[in-house]
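Below you'll find the structure, written out as structure tokens, and then a few comments.
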Amino acid sequence: MLAGKNAVVTGSTSGIGHAVASALAEAGANVMLNGLGDPGEIETTRSELAAKTGRTVLFNGADMTKPDEIAGMIAQAESELGSVDILVNNAGIQHVAPVEEFPIEKWNAILAINLSAAFHAIRAAVPGMKERGWGRIVNTASAHALVASPYKAAYVAAKHGIAGLTKTVALELAEHGTTVNAIAPGYVWTPLVESQIPDTAKSRGITEEEVVNDVILDAQPTKEFVTVDQIGQFAVFLCSDAAASITGAILPMDGGWTAQ
Ligand code: NAD
């Protein structure tokens, strides 16, 4: 379905990004991976995906807090893959704390990685998409792009910001064969969710088990975590020609969370 297309997926050494990159490669796209982690493990991830799919799979370790490195990642993909037809802005971090105690450096890092990095990558990739008259930009937002939860000031602000960025760039690219959408997942079982459980327990004064059952799954009427594979398949659909008329949309995939 995506044969001949080239994709960059930020934050794809783990979790949702890894599943999206895998699904895009399975669908025929060449992929540039990005993210943090142990170099040996990243190389194993890269080579296994290339072997499994027969696609070109590259890695660029750009730090999403550094605009120059983000521009360099897009430039490397354009020169080594030939183009960036699909850009998935997915890298993200979380921090949970009451607003009056929220560490300033955490606020700055979350805004940089979860919001500004998408702007820098889009800014670098759009000229090529306009030139070719085809592109797909998929931003990993969150249910927190549509609703808030306490103790997540920076994350909710950044995710509401990415919703605005998605809509704005969609309008700018509407006549250039390029769609811009955001997937807004509810809770997905990944390291990002797992690692916030102790802090949420502390902030709310409850046990970690109560966080999973009474806070996390309580938000989702299905009482089930969204899976990374479901998100991967949704991203592939958004990159297909069948999805050419979907643009500027913030698309919940949240087990009914934001329907409440
Ligand atoms: P994860 O921790 O498994 O993956 C995050 C990825 O981002 C990793 O590859 C990590 O290396 C990368 N990353 C972090 N900081 C980086 C930096 N400075 N530079 C480059 N890469 C960096 O988490 P995940 O749950 O897969 O999250 C992926 C995205 O999905 C995030 O934007 C997150 O906000 C969003 N999301 C997650 C959930 C959930 O429940 N897990 C729900 C909604 C949205």
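No value in this document is a laboratory result; all are computed from the given coordinates. Fair warning: this is a prediction, and the values are worked out from it, not measured in the lab.
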**Asked** For the chain: lysine pairs with Cα atoms under 16 Å, gap of 8 or more or different chains, count?
**Response** 6
**Item:** Helix runs (DSSP H) in the chain reaching 15 Å along axis by Cα, Kyte-Doolittle at least 1.0
**Value:** 228-239
**Message:** Suppose only helical runs count, i.e. DSSP H with n ≥ 4. What mean residue ellipticity at 222 nm does that imply for the chain under -39500 (n - 2.57) per run, divided by all residues and rounded to the nearest 500 deg cm²/dmol?
**Reply:** -14000 deg cm²/dmol
**Asked** Counting alpha carbon pairs within less than 8 Å and at least 6 residues apart, what relative contact order, in whole percent, applies to the chain?
**Response** 20 percent
**Asked** What relative contact order, as a whole-number percentage, does segment 151-213 give when Cα pairs under 8 Å and 6 or more residues apart are counted?
**Response** 20 percent
